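Student: Sending over a structure as structure tokens; questions will come in a sec.
The values are calculated or read from the model by the stated rules, or taken from the named source; none is laboratory data. In this text the structure is predicted, and so the values were computed from the model without any measurement. Here Cβ is always computed from backbone atoms with ideal geometry, including for glycine, and neighbour counts include all displayed protein chains.
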Amino acid sequence: MNKQFIALTIVGALVAVSTMVAAQQTTPAAPAMHKSEPGGVQAVPGMQHMQGMQSMQNMQGMMKPSGAPAAEAAVQAFHDALTHGDRAAALAMLAPDAQITEDGKTQSRAEYAAHHLPEDIAFLKNAKIKLLSRRSMGMGERAQVASDTEISASSKGKPVVLRSHEQMELKRIGGQWKITSIRWTSQRAPR
């Protein structure tokens, strides 16, 4: 499991527990937590993977429009760079260790720059993109932004309309939000 996923899962679990306590709900006890060495909280070894997935789902439910406006602006800047064909600006928004996953295939920043980025720029050059929703949540130096869009474009000379879901994780690096993870899934829009 990557460190970002673990950190976000832990933050999500802590936020969920805080929310339950604040609402004075009675629920089964959350996994035990303890302070780690420099810098934060980590789960006690043995936490089940499904508990982590549940925490991620809870976090997505806690996202709200403009929950982390500066992180949302960074995501929009990345999209603007893609649609305007500005390769350098798009890459500048990605952290050096960024991971990009599309339909289950993960690429490093360098792999994305060499292969998929030019394809994305070409595909989006004449596309019409309609933002359906955007939600976000800030967590100190980290943030998550989820977006749903409808993309009308052309593929192999034929019109295509896609529904796309995007989940981005960002980290503040040198005072600026940088994208550390992108997960894209797309499917043809219903007619």
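Student: Suppose the filter is modelled with pLDDT of 95 or more and surrounded by 14 or more Cβ atoms within 10 Å (Cβ to Cβ); does Met93 pass it?
Tutor: yes
Student: Would you be able to tell me the number of residues in segment 60-95 that are in a loop (DSSP other than H, G, I, E, B) and among the acidic types (Asp, Glu)?
Tutor: Residues meeting the conditions: 1.
Student: So Leu131 passes all but one of these: (1) out of contact with any Leu (no Cβ under 8 Å at 6 or more places or on another chain); (2) of a type in the set (A, V, I, L, M); (3) in contact (Cβ under 8 Å) with a residue 12 or more places away in the chain; (4) farther than 17 Å from Ala71 by Cα. Which condition number does it fail?
Tutor: (4)
Student: Further, regarding this structure: Could you list, ordered by first residue, the pairs with Cβ atoms under 7 Å in which the first is in segment 93-115 and farther than 16 Å from Leu82 by Cβ and touching a residue at least 24 places away in the same chain (Cβ under 8 Å) and the second is exposed (fewer than 14 other Cβ atoms within 10 Å of the Cβ) and of a type outside the set (Ser, Thr, Tyr), at least 6 apart or interchain?
Tutor: Ala95/Ile173
Student: Another one. Could you check segment 161-172 and list, in sequence order, the residues that are farther than 16 Å from Ser133 by Cβ and in contact with a strand residue (DSSP E or B) (Cβ under 6 Å, 6 or more places away or on another chain)?
Tutor: Correct list: Val161, Glu169, Leu170, Lys171.
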